[in-house]
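The values are calculated or read from the model by the stated rules, or taken from the named source; none is laboratory data. Remember, it's a predicted structure, so these values are computed and weren't measured experimentally. FYI the Cβ positions are ideal-geometry reconstructions off the backbone, even for glycines, and counts take in every protein chain you see.
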């Protein structure tokens, strides 16, 4: 190749870094070494943190499966695009054709794209990944517990769980033996995609089915951790991450690839020894307390993100699409999105202002349950009911304990810089902060609605409906 063309190719490569986005399911804030895990070995994630940056103030938009994924992939609060909670096998709706996913955005920029693992944005043909920007797909259409063999499933409550390759079902009834192979097969699919994309930029979205219950580890990891099934599963996910890192090294793609590792929400605490840990954070999955919405996040981008650093910069999954657009030179969607470009915030070695006025936390049927300041310091919990174990232990070996309901009757304010565990309501000390956050909450309700206050939305778009 003539030198000029070679130089142009290198410049183009630097302007279009590849992206590996690893999204775990129900991984708690304190379940990996860089975020405090002591009894689970995660040497590959430790390496990723040494070579990248750990983000200690990274949040999901909603602490449940489908809604969390909708926010990540579209840059929108999930209720803006009609996705709430977790879509079941009988759902007739999913992500609308008019929404723009990360994959569509990057494919338009010339990227090869692959989705490997759990999708959960609609299992019917119009909603599958290959109709939303992904060149290829391998995985489950929804959570692995939406399955007849789950011990908590009522007889006849779930159809057989299918395994997809692209738009075809290759296994109509996933067995327990197949579940134990999923992490390994996902890893093989992911590494093969990287190897096959060596001559062009690529986007790999690896959405692990684990450590969502029911837990399954591959044969080489069963009992390996010496700390129970949950630890076995996390150590296999760590090994999977190591295989991806090694593949990037072997194919010469490390320098021009952004690697992001995070989770869709906090731990499902009712499952006890089959659930992870939120550490010092309050509550877990299915709540707007920090244990539900704050998740571990590591990003590595050689030459752009200073290695071995930690950042407490506030960020949310809705911000990843516009940030990746900036990093890759892609075009953001022309319709309304909620995320902001945080490229400067995430790569800077200095404290950089977050452009958001605030962040909203919805749950249940479009309930606005909390809002936070844009810098992540202040969080206002709005009146609502939430689930909790109430100090009781979780269940054992796949059988969950029962939650109880608690009610927040008046707005509660927490200073997360001083009280990460949300133990001290400081509402009476900071009426000015409450006034500011309530005003943000009102603006949010006017746009996205709020079933708790019977406010109708004006800025939402409908989910896609199957014919």
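It is to be established whether one or more residues within segment 67-83 are surrounded by fewer than 24 Cβ atoms within 10 Å (Cβ to Cβ), part of a loop (DSSP other than H, G, I, E, B) and under 15 Å from the mean Cα position of the chain (by Cα).
no
Does segment 358-370 contain any residue that is farther than 26 Å from residue 319 by Cβ, in contact with a strand residue (DSSP E or B) (Cβ under 7 Å, 6 or more places away or on another chain) and touching a residue at least 12 places away in the same chain (Cβ under 8 Å)?
no
Got at least one residue in segment 345-358 being farther than 29 Å from residue 86 by Cβ and part of a helix (DSSP H, G or I)?
Yes, there is a match, as at least one residue in segment 345-358 is farther than 29 Å from residue 86 by Cβ and part of a helix (DSSP H, G or I).
Mind listing whichever residues of segment 36-55 are assigned to a helix (DSSP H, G or I) and either at positive phi or in contact with a strand residue (DSSP E or B) (Cβ under 7 Å, 6 or more places away or on another chain) (or both)?
45, 48, 49, 51
Quick check on this structure: which one of 356, 335 is farther than 22 Å from residue 203 by Cα and touching a helix residue (DSSP H, G or I) at 6+ places or on another chain (Cβ under 9 Å)?
Every option except 356 fails the conditions.
Name the one entry in 328, 323, 336 that is in the same structural domain as residue 36 (by TED's automatic domain parsing), surrounded by 21 or more Cβ atoms within 10 Å (Cβ to Cβ) and in contact (Cβ under 8 Å) with a residue 24 or more places away in the chain.
328
Counting only residues that are buried (at least 24 other Cβ atoms within 10 Å of the Cβ) and not in a loop (DSSP other than H, G, I, E, B), how many does segment 115-126 have?
Number of matching residues: 3.
Looking at residue 161, is it assigned to a loop (DSSP other than H, G, I, E, B), surrounded by 15 or more Cβ atoms within 10 Å (Cβ to Cβ) and within 23 Å of the chain's Cα centre (by Cα)?
Criteria met by residue 161.
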